[in-house]
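What follows is a short report on a single structure.
The values are calculated or read from the model by the stated rules, or taken from the named source; none is laboratory data. Fair warning: this is a prediction, and the values are worked out from it, not measured in the lab. So basically every Cβ, Gly included, is an ideal-geometry build from the backbone, and we count neighbours across all protein chains shown. Side chains included, ligands, DNA and RNA excluded: accessible areas come from the protein's heavy atoms. Shrake-Rupley method; radii C 1.70, N 1.55, O 1.52, S 1.80 Å.
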Amino acid sequence: MILYPAIDLKDGHCVRLLHGDMDKATVFGDDPAEQAAAFEAAGCAWVHLVDLNGAFAGAPVNGAAVEAILARIKVPAQLGGGIRDMATIERWLSKGLARVILGTVAVENPDLVREAARAFPGQVAVGIDARNGRVATRGWAEETDVMVTDLARSFEDAGVAAIIYTDILRDGAMTGPNIAATEALARAVSIPVIASGGVSSLADLTRLRDTGVIAGAISGRAIYDGALDLTAALAALRA
């Protein structure tokens, strides 16, 4: 199972939100590229990036910070937030991003996801963010009646590289991930599922790994707070 350390970008800074609330942001650093380099130096195989402003704006906002990260590191990075048209997808992939994450458009324009996955095999992931099993879009500000499993299954034949499943009520709360829901989703689809939201300890990581069906886990606040020792976590996952 791959551990993806997260860099959430707001106004050019590394931050973490509580339950996706932009007004409840904690700034953890002013140099996102330096943070990404530290993750790489620790031995991380991937870096997970989110343009928080972009998720609300519907277009990239923290582009300069993302480009600085891509220029600094050699490990692959994936990015979500405000990527809602083919031109933006093409632009980011041409700049060296390994994978784009499509969230809002997966609900509002699923044909775009399919088109992008065909055009860029292995480089398009679907981000599914949910409260109580229902998908939320536009920076988690809008809730839909779409159920997580239904949305995931609709992309079974699309060729997407992964599904990143975030339980919004766990995100940034340091309460542990929703393992049951994540495992159920991973067993319901053949697409690799990456867990996000609430991953806050080594025990959380090992429980996710021990399901045997979850491909990866994203953690942010716990790493910055020191609750999750990155070196120890990577060593445990390699064991």
Under the 7 Å Cα-to-Cβ spin-label approximation, ASP31 and ALA227 lie apart by a distance in nanometres of 2.7 nm
Less than 17 Å apart at the alpha-carbon level, and either on another chain or at least 8 residues along: which aspartates and glutamates does that give for LYS95? ASP51, GLU67, ASP85
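Using a 1.4 angstrom probe on the protein heavy atoms only, could you order GLU90, GLU183, GLU156 from most to least accessible area?
On the way: GLU90 95, GLU183 50, GLU156 70 Å².
Putting GLU90, GLU183, GLU156 in descending order of accessible area: GLU90, GLU156, GLU183.
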For the chain, build the charge dipole from Cβ charges (+1 Lys, Arg; -1 Asp, Glu) around the Cα centre, then report which of PHE28, THR231, ALA125 sits farthest towards its positive end. THR231
Provide the FRET efficiency to the nearest 0.05 for the ARG118-ASP150 pair, computing r from the beta carbons and using R0 = 22 Å. 0.50
Solvent-accessible surface (1.4 angstrom probe) belonging to LYS95, in square angstrom, nearest 10: 90 Å²
Theoretical gain in end-to-end length, ARG238 to SER94 [0.36 nm per residue, Cα-Cα removed]: 48.7 nm
Given +1 on the Cβ of Lys and Arg, -1 on the Cβ of Asp and Glu, and no further charges, what dipole in debye does segment 2-238 carry about its Cα centre, rounded to the nearest 20? 480 debye
Between Rg and the Kirkwood Rh of segment 1-106, both from Cα atoms, what is the Rg to Rh ratio? 0.94
For the residue pair ALA64 and LEU202, what label-to-label distance in nm results when each label sits 7 Å from Cα along the Cα-to-beta-carbon direction? 4.0 nm
Zone reached by a paramagnetic label modelled 7 Å from ASN109 Cα along Cα→Cβ, restricted to segment 51-67 with backbone N below 14 Å, covers 58-60
Of all the C-alpha pairs in segment 158-239, what % are more than 19 Å from each other? 33 percent
Ranking VAL66, THR104, GLY212 by how far each Cα lies towards the positive end of the charge dipole of the chain (+1 on Lys and Arg Cβ, -1 on Asp and Glu Cβ), the top one is GLY212
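Taking Rh as the Kirkwood radius computed over C-alpha pairs, what is the Stokes-Einstein D of segment 97-228 at 37 °C in a medium of viscosity 0.692 mPa s, expressed in µm² per second? Walk me through the numbers before you get to the answer.
Values: Rh = 14.8 Å.
Calculated translational D: 222 µm²/s.
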Residues of type lysines that LYS24 reaches as a straight line, Cα spacing below 24 Å, ignoring anything fewer than 8 places off in the same chain: LYS10
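Share of Cα-Cα pairs in the chain beyond 27 Å, in percent?
Working: 7093 of 28441 pairs.
For the chain, the fraction of Cα-Cα distances above 27 Å is 25 percent.
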Counting only protein heavy atoms and leaving out ligands, DNA and RNA, the solvent-accessible surface of VAL107 at a 1.4 Å probe, in Å² to the nearest 10, equals 40 Å²
Cut-off under 5 Å, modelled amide H: who pairs with LEU18 long-range: LYS24
So what does MET1 come to for accessible area, using a 1.4 Å probe and Å² rounded to 10? 60 Å²
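Rounded to the nearest 500, what is the chain's calculated 222 nm mean residue ellipticity when only DSSP H runs of at least 4 contribute -39500 (n - 2.57) each, over all residues? Provide the component values of the computation, followed by the final result.
Values: 11 runs with 90 residues, N = 239.
Counting only the DSSP helices, I get -10000 deg cm²/dmol.
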